[in-house]
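Data block below; observations after.
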Amino acid sequence: METKKNRLRVIRGGKILTNNLYSFVSAISTRTRLMGVIALKVHWLKTNKENFIQWFLLDTEDHGIYDYISIVTTNENEFDLHTDRFMGSLGGIKVNLTEREAIHLIKTYSNMNIKYGQPLPPPSFEYRSIIRTKLIMNKKEQNILSDKIYEKIESPIQLINFFIMRTVGNDEVAKNYLFSEDKCNSCKKFKVVHRSSILLKNNVYLVKTFIDSWIYTVKSVVDTNEGYLKVISTIEVKKLRDEFRVTRAKVIDMSEISHDLIVNEIRNIEHLILFKIKFNCHIESELLKIKPKILKYDFSNGVMLVEYRDNNDHVKEEEYRLSGDLYAIYYITDFDELIICYYKEHDIDGIRNVCDRLSEGLKFIRNVTTKNSVIYEYARSSNESFSSYLKIMTTSKNGQI
């Protein structure tokens, strides 16, 4: 595999990048604009029949083009070499884009890098000519692109969770998109934070129902990077044409809360299964065969493989949690152990299926259910086996983890 070194060039006069060096083949993106991040893949064909493929991660929240990688190849098996890495964890469906739409997104998000003072990910010379392309999309084209990249709003609950998420993320474009057009002046007054923050948890309660509208009370827990806020809002929703939109929103109360209270607010129950890995078994490679979309993270005492859900249905729930898209964690320790961590009891059949497929290389040790974030605490802080870590934890907490 060879990384592209030559620079894309634009024909004078501002034409799109279908010149003598490159011709456009295809582009796809994730339909995840309301989650704040879009993954984009663009495929070009060189005159020598080599394929130049680019992947971008586009982050709306105080960043822009967040990550980038490319390859030059003639091997069709490599055309999606990095697609799972960029798109697999975002949960959205993939949609086809035109050349103009792909270039518009790259240009738009590169402007965010300038706005927020963020460097372009290297090697930026590979896509600087795209950024410099003279391209202006008309209103109709922009609406068509929005229909592709913005998720379909299917319920008031989903709308409110997205609306609070985008408001907290300081994402005015998406926030305005979710407001009824005739109420756009009202939406500007609805503000929770002054800089991009993280929605940790959102609880939505129906208060009143009218013929064509609903009023909700919303309780939100927000991480501002400087502290934590608990925000109570009231939001009115109407169904306009075929989608729901916010028609009124007001902050009722806002207060700072301590880290200890936050831990209780966002704590998830962890279901842990501990195995001993038999001698000479390559559990990591076997897991990657079963779960090719999982993401790998290295820690000082092992390797963490994280699997996300293939949808963002957790945004449709009355209690939204930031980690709701997390399906399972597979942690391979340096002490020949495999820990499988999952969060929802109804996922047990899928977890058992993985265990059965790996069973020849594993010996079952024990099951553990805990309200504490054991898997991450162990990964970050311990230099011993997980079995020893559990013994110390249960001893220090009188038998409870």
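Odds and ends about this structure:
- Remark: F386, F125, F279, F24 ranked as F279, F125, F24, F386, counting other beta-carbon atoms within 10 Å and listing the fewest first.
- Global form of the range 268-396, assessed from the alpha-carbon gyration tensor, a/c cut-off 1.5: oblate
- Note on L261 and I365: with the Förster distance fixed at 41 Å, the Cβ-Cβ geometry gives a FRET efficiency of about 0.75.
- The charge dipole of the range 32-132, taken about its Cα centre with unit charges on the Cβ of Lys, Arg, Asp and Glu (plus for the first two, minus for the last two), comes to roughly 340 debye.
- Within the chain, the longest run free of exposed loop sites, counting GluC sites (Glu not before Pro) that sit outside DSSP helix and strand states (H, G, I, E, B) and have at most 16 other Cβ atoms within 10 Å, spans 51-153.
- Contour excess over end-to-end distance, with Cα ends at D212 and E318 and 0.36 nm allotted per residue: 36.1 nm
- For the chain, the 222 nm mean residue ellipticity estimated from helices alone, with every DSSP H stretch of n ≥ 4 adding -39500 (n - 2.57) and the total spread over all residues, rounds to -7500 deg cm²/dmol.
- Rounded is the label for the range 22-149, because the ratio a/c of its alpha-carbon gyration tensor axes (a ≥ b ≥ c) stays below 1.5.
- Partners for K391 among lysines (Cα-Cα distance below 26 Å; same-chain residues under 8 apart left out): K276, K278, K344, K363, K371
- Eligible aspartates and glutamates near K238 by straight Cα distance, threshold 16 Å, same-chain separation 8 or greater: E154, E181, D182, D212
- With a simple spin-label model that places each label point 7 Å from the Cα along the Cα-to-Cβ direction, the separation between D182 and Y205 comes to 3.1 nm.
- Debye-sum result for the range 156-263 in log10 I(q)/I(0), which assumes one identical scatterer on each alpha carbon, at q = 0.10, 0.15 Å⁻¹: -0.26, -0.58
- Here K115 is the anchor, and the aspartates and glutamates within straight C-alpha reach of less than 20 Å, apart from those fewer than 8 places off in the same chain, are D59, E61, D62, D67, D171, E172.
No lab work stands behind these numbers, since they all come straight from the coordinates. Since the structure is predicted, the reported quantities are computational estimates derived from the model, not experimental observations. No Cβ is skipped: glycine too gets one built from the backbone with ideal geometry, and neighbour counts run over all protein chains shown.
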